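Here's the structure, in structure tokens; my notes come after.
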Amino acid sequence: MDSIFSPPLHRQRHQFVIDFVKRNKPKKVVDLGCSECSLLQKLKFHREIELLVGVDIDGANIKKKMHGLAPMSTDYLQPSYDQLRIELYQGSVTQEDARLRGFDLVTSIELIEHLTLADVKRFSEVVFGYMTPVAVIVSTPNSEFNPLFPRPAGFRHSDHKFEWTRAEFKSWALKVCLEYGYEVEFTGVGQAPPGQQERVGFCSQIGVFHWLGGRQECNMLFGDDAEDVFSYTLLYSINYPSLHDNNILQRVLVSEVLYWAEKMKRNWIEERTGERDDTYTLCPAEGEGEECLRASERHMEMEDKQTACGAEMKNPGEHQESELFWTNGEGQQESCKLRRCVSVPLAVLWSCCPKLSALSGSLSNLRHVLMDNPEVKLSQDGSAVLLNDQEQDLEEEEEDHDDLEDSGYAVCSHGAEPEEDWEKNV
Ligand code: SAM
């Protein structure tokens, strides 16, 4: 049936819902008779939706593709402020479930024709009388279109219990409106050939219902004394990563700070040694301009004359370790060899990286987040991020390498496993 339409009819139905979502921006959406979740798959990209729910009587159908609704790696790498929770339930639209009340949009795409007429009555009571969403989109086959199909007469699908004419659909819809306080517009998808549209109508007829009371009054319907019924079985639920989640916000802030501090450090070292390595040059496409890096270099040069890591920072090239003494609680003097550090002022990071300032809101918020994080070393007064000097790290790696050679152990090439001497073992 879909093949005679372009785009295919099922896609046109889903597009109809998506266009409605774009215009009306519902936050809570439930798709009844969601089958293999193909509409939900598309709706999850519309991040004005905060709660997206699917219900189907056939749990096996839901399970086939439900994992495709999981967040993608980019959702974790670049979390947004939007919140999204997806829930899938096995259950019948003829039964009430308190978790489905108070939605902004209920969709029922090619579902009602699979119900007996007694169950359609129950569907009306549950959806319009109990769930009372702000809007409902119902699509169902228009039987007047059927003679245009090149196939024998009969229903379009063996499981259909009825297929309504436009007048039958209208009569049911207007009755629902009268009983439950909705208004309805009639439309459809799947155009008839030129000249026949008025006579046969759309292939899939659609009713778009709007509750006359509005959202606020609708919420008032759900008093605390209403007895909560939970008749559906939860099959799947997932929360998308969001910057509203404090842990995620912290993780993003820390990785941004480390990324930019490292870039600034390298730039600064290269400036001073005159060895600019192009692999570390900022790519303008990354958003934060060279301008800012140059500004940060000025600050870091100034830092150079101050103290970092509690010890004076040396110019790159002057390899020296500093020794710091302090007194512990018992009055004993302890010593610690300090690594040479590069100090990147937090204020510079904050003003150079718009993402950091947008996410943290203020410099003190940023400092607060970083203070609790073991991945970031802050200066004693919390005003700068301290990074180990790269050259020193390399030097130490070389020393470790030498130590291994001196110890008589074979040194493996990077990533290779030490070879076992099988001959010796036999
Ligand atoms: N809405 C889907 C879409 O647009 O891709 C297609 C729906 S499919 C034609 C009809 C679905 O309704 C089936 O998955 C079926 O299991 C489901 N269904 C039938 N009776 C139901 C009931 N009483 N409650 C919930 N779902 C039901």
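Yes or no, residue by residue, for (1) within 14 Å of the ligand (Cβ to nearest atom); (2) surrounded by fewer than 18 Cβ atoms within 10 Å (Cβ to Cβ):
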| residue | (1), (2) |
| --- | --- |
| Arg11 | yes, yes |
| Lys22 | no, yes |
| Lys25 | no, yes |
| Val29 | yes, no |
| Leu32 | yes, no |
| Lys44 | no, no |
| Glu50 | no, yes |
| Gly54 | yes, no |
| Ala60 | yes, yes |
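When the residues of region 137-191 are narrowed to those that are among the small types (Gly, Ala, Ser) and in contact with a Phe, Trp or Tyr (Cβ under 8 Å, 6 or more places away or on another chain), which ends up surrounded by the fewest Cβ atoms within 10 Å (Cβ to Cβ)?
Restricting attention to region 137-191, the residues satisfying the condition of being among the small types (Gly, Ala, Ser) are 139, 143, 153-154, 158, 167, 171, 173, 181, 188, 190.
Subsequent filtering for residues that are in contact with a Phe, Trp or Tyr (Cβ under 8 Å, 6 or more places away or on another chain) retains 139, 143, 173, 181, 188, 190.
Details: Ser139: 28, Ser143: 21, Ala173: 24, Gly181: 15, Gly188: 23, Gly190: 22.
Looking at the filtered set, the residue picked out is Gly181.
Of all residues being more than 23 Å from Leu105 (Cα to Cα) and of a type in the set (A, V, I, L, M, F, W, C) in region 129-181, which is modelled with the lowest pLDDT? Just the residue, please.
By that ranking, first place goes to Ala153.
Taking Met66 and the conditions (1) open to solvent by 10 Å² or more (accessible area, probe 1.4 Å); (2) under 18 Å from the mean Cα position of the chain (by Cα); (3) without any contact (Cβ under 8 Å) to a residue 40 or more places away in the chain, which numbered condition does it fall short on, given that it satisfies the others?
Every condition holds for Met66 apart from (3).
With the condition kept exactly as written, say whether any residue in region 141-153 is within 16 Å of the ligand (Cβ to nearest atom), touching a strand residue (DSSP E or B) at 6+ places or on another chain (Cβ under 7 Å) and not polar (S, T, N, Q).
Yes, there is a match, as at least one residue in region 141-153 is within 16 Å of the ligand (Cβ to nearest atom), touching a strand residue (DSSP E or B) at 6+ places or on another chain (Cβ under 7 Å) and not polar (S, T, N, Q).
In region 118-133, what residues are within 27 Å of Gly201 (Cα to Cα) and away from the ligand (no atom under 14 Å from the Cβ)?
Answer for region 118-133, where residues must be within 27 Å of Gly201 (Cα to Cα) and away from the ligand (no atom under 14 Å from the Cβ): just Phe128.
Are there any pairs, at least 6 apart or on different chains, whose C-beta atoms fall under 7 Å, with the first in region 153-172 and in the same structural domain as Phe202 (by TED's automatic domain parsing) and the second among the hydrophobic types (A, V, I, L, M, F, W, C) and open to solvent by 70 Å² or more (accessible area, probe 1.4 Å), and if so, which?
The qualifying pairs are Arg156/Met1; Phe162/Leu117; Glu163/Phe155; Lys170/Phe186.
Rundown of residues vs (1) modelled with pLDDT of 85 or more; (2) hydrophobic (A, V, I, L, M, F, W, C); (3) surrounded by 15 or more Cβ atoms within 10 Å (Cβ to Cβ); (4) not in a loop (DSSP other than H, G, I, E, B), yes/no style:
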{"residue": "Leu234", "(1), (2), (3), (4)": "yes, yes, no, yes"}
{"residue": "Ile238", "(1), (2), (3), (4)": "yes, yes, yes, yes"}
{"residue": "Arg251", "(1), (2), (3), (4)": "yes, no, yes, yes"}
{"residue": "Val257", "(1), (2), (3), (4)": "yes, yes, yes, yes"}
{"residue": "Leu282", "(1), (2), (3), (4)": "no, yes, yes, no"}
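Looking only at region 96-109, filter to residues that are more than 23 Å from the chain's Cα centre (by Cα) and within 8 Å of the ligand (Cβ to nearest atom); which one of those is most open to solvent (accessible area, probe 1.4 Å)? Talk me through it step by step, then tell me what you get.
Narrowing region 96-109 to residues more than 23 Å from the chain's Cα centre (by Cα): 96-98, 101-102, 108-109.
Now narrow it down to the ones that are within 8 Å of the ligand (Cβ to nearest atom): 108-109.
Working: Ser108: 0, Ile109: 24 Å².
That would be Ile109.
With respect to Pro7, determine if the residue is away from the ligand (no atom under 12 Å from the Cβ), at negative phi, assigned by TED's automatic domain parsing to the domain that holds Val189 and at pLDDT 95 or above. So that I can check it myself, show each step before the final result.
Working: away from the ligand (no atom under 12 Å from the Cβ): yes; at negative phi: yes; assigned by TED's automatic domain parsing to the domain that holds Val189: yes; at pLDDT 95 or above: yes.
Judged against the criteria, Pro7 is a match.
Yes or no: Ile86 aliphatic (A, V, I, L, M) and either under 21 Å from Ser255 (Cα atoms) or open to solvent by 20 Å² or more (accessible area, probe 1.4 Å) (or both)? Before the answer, list the steps.
Values: aliphatic (A, V, I, L, M): yes; either under 21 Å from Ser255 (Cα atoms) or open to solvent by 20 Å² or more (accessible area, probe 1.4 Å) (or both): no.
Spelling it out, it is not the case that Ile86 is aliphatic (A, V, I, L, M) and either under 21 Å from Ser255 (Cα atoms) or open to solvent by 20 Å² or more (accessible area, probe 1.4 Å) (or both).
So, of the residues in region 159-209 that are part of a loop (DSSP other than H, G, I, E, B) and over 25 Å from Ala135 (Cβ atoms), which turns out to be farthest from the ligand (Cβ to nearest atom)? Lay out the reasoning, then the answer.
Residues of region 159-209 part of a loop (DSSP other than H, G, I, E, B): 159-163, 165, 181, 190-196, 201-203.
Next, from what is left, pick out any that are over 25 Å from Ala135 (Cβ atoms): 159-161, 192-196.
On the way: Asp159: 8, His160: 9, Lys161: 10, Ala192: 21, Pro193: 24, Pro194: 27, Gly195: 29, Gln196: 25 Å.
Out of the qualifying residues, it is Gly195.
The values are calculated or read from the model by the stated rules, or taken from the named source; none is laboratory data. Bear in mind that the values here come from a model prediction, so they are computed numbers and not experimental data. Because the Cβ atoms are built from the backbone with ideal geometry, glycine has one as well, and the counts that use them run over all protein chains shown. Heavy atoms of the whole protein, side chains included, go into the accessibility calculation; ligands, DNA and RNA do not. Shrake-Rupley method; radii C 1.70, N 1.55, O 1.52, S 1.80 Å.
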